[in-house]
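Below is one structure; the comments refer to it alone.
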Amino acid sequence: MQLKCILNRVQLHRGFVYGTVRWSITRKMRTALDIQIRPRKRSRPVCSGCGKCGPGYDTLPLRRFEFVPLWGIAIFFLYAMRRVDCPDCGIKVERVPWADGKNHLTTTYAWFLAQWAKRLFWKEAAVAFQTSWGNAFLSVKMAVAWGWRIATWKTCCPSALTKLPGRKDINN
């Protein structure tokens, strides 16, 4: 089974396709796998401002997004972000499903690090997964911010949480 098959099974992103997988060496002399991601043909980029699809404007240079390591091997998604010519917001960089804003960590990896940071000291979690303390900090910060948003929702309008689509009861 190829790595692309595994990724399509556990981390499928609508509108995007996994491309070539290559071995590489990072600046810290770690072995890594670089996985190219490209937009699916005829898919339109999504505006990061309003969330609407719009026509593509141009493509930015290739960016690396750090993904959950496999067997101690660092995994990076390589993707050239597109810019959207949004009629409402103007020219914006597209929203991608695997990362938020300018973050270079994938949301999956951020949640993974945050879970381990609950069990270990942040520095130990960072060392165990060969990342920086700053990445562990940002992951925990994201998880805490999410928790505060949920707690705020529970106190202001608990009946709205039980009516979320796909959720039977979120209060338990």
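Given the condition closer than 20 Å to Lys102 by Cβ, in contact with a helix residue (DSSP H, G or I) (Cβ under 7 Å, 6 or more places away or on another chain) and not hydroxyl-bearing (Ser, Thr, Tyr), answer yes or no: does some residue in the stretch 53-67 qualify?
Yes, the stretch 53-67 contains at least one residue that is closer than 20 Å to Lys102 by Cβ, in contact with a helix residue (DSSP H, G or I) (Cβ under 7 Å, 6 or more places away or on another chain) and not hydroxyl-bearing (Ser, Thr, Tyr).
Suppose we keep only residues that are out of contact with any Phe, Trp or Tyr (no Cβ under 9 Å at 6 or more places or on another chain) and farther than 23 Å from Met81 by Cβ within the stretch 11-48. Which one would you say is surrounded by the most Cβ atoms within 10 Å (Cβ to Cβ)?
Arg30
For residues that are in contact with a Pro (Cβ under 6 Å, 6 or more places away or on another chain) and part of a loop (DSSP other than H, G, I, E, B), tally how many sit in the stretch 11-65.
Residues meeting the conditions: 1.
Which residue is nearest to the chain's Cα centre (by Cα), if the candidates are limited to the stretch 1-10 and must be part of a helix (DSSP H, G or I) and either surrounded by fewer than 13 Cβ atoms within 10 Å (Cβ to Cβ) or not assigned by TED's automatic domain parsing to the domain that holds Pro39 (or both)?
Val10
Any idea which of Lys92, Lys141, Lys168 is modelled with pLDDT under 85 and either surrounded by fewer than 17 Cβ atoms within 10 Å (Cβ to Cβ) or not aromatic (Phe, Trp, Tyr) (or both)?
On the way: Lys92 fails: modelled with pLDDT under 85; Lys141 fails: modelled with pLDDT under 85.
Result: Lys168 is the single residue among Lys92, Lys141, Lys168 that is modelled with pLDDT under 85 and either surrounded by fewer than 17 Cβ atoms within 10 Å (Cβ to Cβ) or not aromatic (Phe, Trp, Tyr) (or both).
Scanning the stretch 96-125 for residues that are of a type in the set (Val, Ile, Thr) and part of a helix (DSSP H, G or I), which turns out nearest to Arg44 (Cα to Cα)?
If we take residues in the stretch 96-125 being of a type in the set (Val, Ile, Thr) and part of a helix (DSSP H, G or I), then Thr107 is nearest to Arg44 (Cα to Cα).
Residues Arg27, Arg63: which one is closer than 18 Å to Thr131 by Cβ, at pLDDT below 85 and not assigned by TED's automatic domain parsing to the domain that holds Tyr109?
Result: Arg27 is the single residue among Arg27, Arg63 that is closer than 18 Å to Thr131 by Cβ, at pLDDT below 85 and not assigned by TED's automatic domain parsing to the domain that holds Tyr109.
The values are calculated or read from the model by the stated rules, or taken from the named source; none is laboratory data. Values in this document were obtained by computation on a predicted structure and should not be read as measured data. Quick reminder, even Gly has a Cβ in these numbers, built from the backbone with ideal geometry, and neighbours come from all protein chains shown.
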